Amino acid sequence: MHHFGTLLLATALLSHGALAGGNTADSTASTRTEEARALVGRFVGQLKPQLQQAMAAGGPAHAVAVCAEVAPALMDSLSAETGWQVRRVSLQARNAERAEPDAWERAVLQQFAARQAAGTPASQLQQAAVTDGRFRYMQAQGTEGLCLACHGENLSPAVQEALDTHYPDDRATGYQLGEVRGAISLIAPAS
Ligand code: HEC
């Protein structure tokens, strides 16, 4: 449970204005939080329909290929457009190159997992902090019914084959409904 301490400290720093001191910092942080929430909404709002469409059109094995292309491209284009660093991270990454958490992200993911296990829905798990002068934000992504075909326990042989092809080091299976699959992790541009 030691990681709770770090996170509470991060939250405390944020609310006491670690950016520049006083109210300016507080309002900057709340603006940043709003911007981060909007970006999360855009990412999910663009990816999920494409995933559902690919699943409906060609089944989950086909959708693996779509997700493998669309998800990274979407993160890169949102980053290029907004200046925010946009990525997804997980304690059990599928995309080993992109989704390995750094120390702060790992601590937040562990805290999310503990809070989810204690009954908080993943959709309500988010964390903001200022570290090294930069505003960071994470939003948990829970495992929904839709996700189980590719992240659950019993994958079809076709899905398993598609995953083996694209992600030989895949660790992102075996999830139960409701568990934290990972998080969207954002870093604001330097201000
Ligand atoms: C059709 C298969 C498929 C379905 C369904 C699916 N995913 Fe994924 N998921 C993938 C693939 C493929 C990747 C790797 C994408 C990449 O290369 O960035 C991935 C990556 C992720 C990541 C990034 C971290 C990592 O491990 O690389 C998260 C978070 C995630 N999925 C959450 C979800 C959630 C939540 C759902 C349900 C709403 C879901 N996925 C449904 C195939 C799927």
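The table for this structure:
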{"item": "Degrees, to the nearest 10: 3-15 long Cα axis against longest axis of the chain", "result": "50 degrees"}
{"item": "Label-point separation in nm, residue 98 to residue 134, each point 7 Å along Cα→Cβ", "result": "1.8 nm"}
{"item": "Relative packing of peptides 74-86, 57-69, 174-186 - highest average C-beta neighbours within 10 Å first", "result": "174-186, 57-69, 74-86"}
{"item": "Debye, to nearest 20: dipole size of the chain, +1 on Lys, Arg Cβ, -1 on Asp, Glu Cβ", "result": "420 debye"}
{"item": "C-alpha long axis of helix 157-166 to longest principal axis of the chain, angle in °", "result": "50 degrees"}
{"item": "Accessible area of the chain divided out per residue, in Å², using a probe of 1.4 angstrom", "result": "51 Å²"}
{"item": "Cα-derived Rg over Rh, computed across the chain with Rh taken as Kirkwood radius", "result": "0.99"}
{"item": "Nearest-ten-degree value, helix 22-82 long axis tilted from longest Cα axis of the chain", "result": "0 degrees"}
{"item": "Hypothetical label at residue 114: residues of the stretch 164-191 whose amide nitrogen lies under 19 Å (7 Å Cα-Cβ projection)", "result": "179-183"}
{"item": "Where 167, 137 fall by accessible area, highest first, once all protein chains stay in place (1.4 Å)", "result": "167, 137"}
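The values are calculated or read from the model by the stated rules, or taken from the named source; none is laboratory data. Since the structure is predicted, the reported quantities are computational estimates derived from the model, not experimental observations. Cβ coordinates were reconstructed from backbone atoms using ideal geometry, including for glycine residues, and neighbour counts include every protein chain displayed. SASA here: full protein model, heavy atoms, side chains in, ligands and nucleic acids out. Shrake-Rupley method; radii C 1.70, N 1.55, O 1.52, S 1.80 Å.
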